[in-house]
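Chemist: Here it is, the structure in full.
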Amino acid sequence: MTGKLWGVGLGPGDSELVTVKAARAIAEADVIAYHCARHGNSIARSVAEPYLTGGQSEERLMYPVTTETTDHPRGYQGALDDFYAESARTLAAHLRAGRDVALLAEGDPLFYSSYMHMHKRLADEFEAEIIPGVTSVSAASAATGVPLVEGDETLTVVPGTASAEELRFRFASADAIVVIKLGRTFDRVREALRATGRLDEAWYVERASTTVQRVEPAAEVDSTRVPYFSIVVVAGRRNNPRFAEQDPAVGDSTGEVVVVGLGPGHDLWTTPQVRAELAAATDLVGYTTYLRRVTTRPGQRVHASDNRVEAERAEFALDLAAHGARVAVVSSGDPGVFAMAAAVAEVAAEPRWHDVPVRVVPGMTAATAVASTVGAPLGHDFAVISLSDRLKPWELIERRIIAALDADLVIAVYNPGSSARGWQVGALKMLLLERISEDRVVVVGRDVGGPTQSVLTTTVGELDPASVDMRTLLIIGSSATTAVGRTAGALVYTPRHAPG
């Protein structure tokens, strides 16, 4: 009869945080195993020591390397792979002899723990049970005394060993953040927090739950004295007292306006950078329909308005920023494509707003979203034209369409129709039939990314103007655009090469 493998989670360091079940498993096991560095000391064993009986054998699984270099022919990872294989053989020998093995793991056995490497190698052959433990995340959060996440806030856990670019990307898009595996990575982590504007919100927690626990602002830490067993915690802004929100009602400091694009409809198409800007804003300004897509946090002010007052909306946003607010002007799609970025820039060009910072954060635009649903109709040169004659005369629209057709460009048509102007799509179809073949490919995408999405690949001759509304985007192919029926799904594409 073979023995049983226990993956024992010990918690973050305080022996009193070891669970009752973990303590019993340690006391009853025949073999106590634990990983350690080449100096032989083990934090896991020291945490478990009050529960050892003294009559058990111990197996030290000693890492051949930790952070130093190695002459192993397959490098650092090769040395670790060989070590894990040898360690698994050592434990398997005990298990085959009928001895129960308690493999100790700081925190939780399946949360960035060495235990999982043994589990993957042994669980198929031997009975294995995992006893979860209190993670360092919970201990560090408790040490700050601040709620980590509340309501719909999300928590992002990042290893400090990630690249600087990855750290910045994760920090910019997160509500609450925990960074583990610090030590020599601390300077890189702190710089990424500073670059994304999150450093002032961050706590540093060292050896959480132990008698030598230390908590202080991450910005004030001496990086030369940061051990591996330390954590950075950034609590969600709903409860984080270190998040200093500027109240525009107090003081005259200048804020800023950032114009953001939510993407064409699906929440997954809103970029992490846009999410971060929305979270950081004191005020949200935009068309009512677009603002409904944004989940606000407590304290944010929402200023919704009609879609036809772009200049007034821009002026309102700039005035808020001039009085200290961080204003996010919200557009659908990309804010620079037939959206609010141009309106804000035009108003901000007036001398009275020259001291107000203005930024634009891009988003996925409807043309690329619709194109992606059928393949690659925008694979070569294309034009983007709005059919709305509210801000320009129809004669100008018509000339531009003719010029694009004569240049044999694919055309992405925005704002093709609405309840107030239903004749333009019919006029467009007549114009197309006068200049190109009626079998030219047309893609009709409605509410792409939204709950009522529909996409149709048709031709100019078969295009039904009555089916097109303001939530529709048309893609009119060039002479090279091809629609192919396939067993695995139809595709539309425009080749990247052109004759001549």
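Chemist: List pairs: first in region 206-228 and under 14 Å from Val189 (Cα atoms), second among the β-branched types (Val, Ile, Thr) and in a helix (DSSP H, G or I), Cβ under 8 Å, 6+ apart or cross-chain?
Modeler: From region 206-228, no pairs qualify.
Chemist: On to the next question. Criterion first (within 18 Å of Val384 (Cα to Cα) and either without any contact (Cβ under 8 Å) to a residue 60 or more places away in the chain or open to solvent by less than 70 Å² (accessible area, probe 1.4 Å) (or both)) does Val448 satisfy it?
Modeler: Spelling it out, Val448 is indeed within 18 Å of Val384 (Cα to Cα) and either without any contact (Cβ under 8 Å) to a residue 60 or more places away in the chain or open to solvent by less than 70 Å² (accessible area, probe 1.4 Å) (or both).
Chemist: Residue pairs, Cβ under 8 Å, 6 or more apart or interchain, first in region 73-85 and in the same structural domain as His117 (by the TED database), second among the acidic types (Asp, Glu) and in a helix (DSSP H, G or I). List them.
Modeler: Taking only residues 6 or more apart or on different chains, the pairs are Arg74/Asp81.
Chemist: Being over 22 Å from His94 (Cβ atoms) and at pLDDT 95 or above: is that true of Pro73 here?
Modeler: Values: over 22 Å from His94 (Cβ atoms): yes; at pLDDT 95 or above: no.
For Pro73, the condition - over 22 Å from His94 (Cβ atoms) and at pLDDT 95 or above - is not met.
Chemist: Out of all the residues in region 360-386, which are in a loop (DSSP other than H, G, I, E, B), open to solvent by less than 50 Å² (accessible area, probe 1.4 Å), out of contact with any Lys or Arg (no Cβ under 7 Å at 6 or more places or on another chain) and farther than 29 Å from Val257 by Cβ?
Modeler: Within region 360-386, Pro377, Leu378 meet the criteria.
Chemist: Further, regarding this structure: Taking Asp334 and the conditions (1) of a type in the set (Asp, Glu); (2) closer than 18 Å to Ala172 by Cα; (3) modelled with pLDDT of 90 or more, which numbered condition does it fall short on, given that it satisfies the others?
Modeler: Just one mismatch for Asp334, condition (2).
Chemist: Output the residues belonging to region 403-414 that are in contact (Cβ under 8 Å) with a residue 24 or more places away in the chain, open to solvent by less than 40 Å² (accessible area, probe 1.4 Å) and not hydroxyl-bearing (Ser, Thr, Tyr).
Modeler: Result: Leu405, Val410, Ile411, Ala412, Val413.
Chemist: List pairs: first in region 247-271 and modelled with pLDDT of 90 or more, second basic (Lys, Arg) and in a strand (DSSP E or B), Cβ under 8 Å, 6+ apart or cross-chain?
Modeler: Correct list of pairs: Gly255/Arg326; Glu256/Arg326; Glu256/Arg359; Val257/Arg359; Val258/Arg326; Val258/Arg359; Val259/Arg359.
Chemist: So, one more: From the residues in region 295-338 that are within 24 Å of the chain's Cα centre (by Cα) and open to solvent by less than 20 Å² (accessible area, probe 1.4 Å), which one is farthest from Asp267 (Cα to Cα)?
Modeler: Ranking the qualifying residues of region 295-338, first place goes to Val327.
Chemist: Based on what the data block shows, is Val205 assigned by the TED database to the domain that holds Arg194 and closer than 23 Å to Phe169 by Cα?
Modeler: Criteria met by Val205.
Chemist: Additional query: Give me the residue from region 339-353 that is over 10 Å from Val258 (Cβ atoms) and in contact with a helix residue (DSSP H, G or I) (Cβ under 8 Å, 6 or more places away or on another chain) and, out of that set, surrounded by the fewest Cβ atoms within 10 Å (Cβ to Cβ).
Modeler: Glu346
Chemist: Return only the number of the condition from (1) under 25 Å from the mean Cα position of the chain (by Cα); (2) at pLDDT 95 or above that Ala383 does not satisfy.
Modeler: It fails just one condition, (1).
Chemist: Oh, and also: Is there a residue in region 281-303 that is touching a residue at least 40 places away in the same chain (Cβ under 8 Å), touching a Lys or Arg at 6+ places or on another chain (Cβ under 9 Å) and of a type in the set (Lys, Arg)?
Modeler: Checked against the condition, which is being touching a residue at least 40 places away in the same chain (Cβ under 8 Å), touching a Lys or Arg at 6+ places or on another chain (Cβ under 9 Å) and of a type in the set (Lys, Arg), region 281-303 yields at least one hit.
Chemist: Quickly run through region 125-166 and pick out the residues that are under 17 Å from Tyr228 (Cβ atoms), in contact with a helix residue (DSSP H, G or I) (Cβ under 8 Å, 6 or more places away or on another chain) and surrounded by 18 or more Cβ atoms within 10 Å (Cβ to Cβ).
Modeler: Those that are under 17 Å from Tyr228 (Cβ atoms), in contact with a helix residue (DSSP H, G or I) (Cβ under 8 Å, 6 or more places away or on another chain) and surrounded by 18 or more Cβ atoms within 10 Å (Cβ to Cβ): Ala139, Val158, Gly160, Ala162.
Chemist: Further question: Regarding region 340-359, can at least one residue be identified that is within 30 Å of Ala490 (Cα to Cα), in contact with a strand residue (DSSP E or B) (Cβ under 6 Å, 6 or more places away or on another chain), touching a residue at least 24 places away in the same chain (Cβ under 8 Å) and in a helix (DSSP H, G or I)?
Modeler: No, the conditions are met nowhere in region 340-359.
Chemist: While we're on this one: Of all residues in region 458-500, count the ones that are touching a helix residue (DSSP H, G or I) at 6+ places or on another chain (Cβ under 8 Å) and open to solvent by 60 Å² or more (accessible area, probe 1.4 Å).
Modeler: 2
The values are calculated or read from the model by the stated rules, or taken from the named source; none is laboratory data. Fair warning: this is a prediction, and the values are worked out from it, not measured in the lab. Glycine also receives a Cβ, built like all others from the backbone with ideal geometry; neighbour counts cover every protein chain displayed. Heads up: the accessible areas ignore ligands, DNA and RNA and are worked out on the full protein's heavy atoms, side chains in. Shrake-Rupley method; radii C 1.70, N 1.55, O 1.52, S 1.80 Å.
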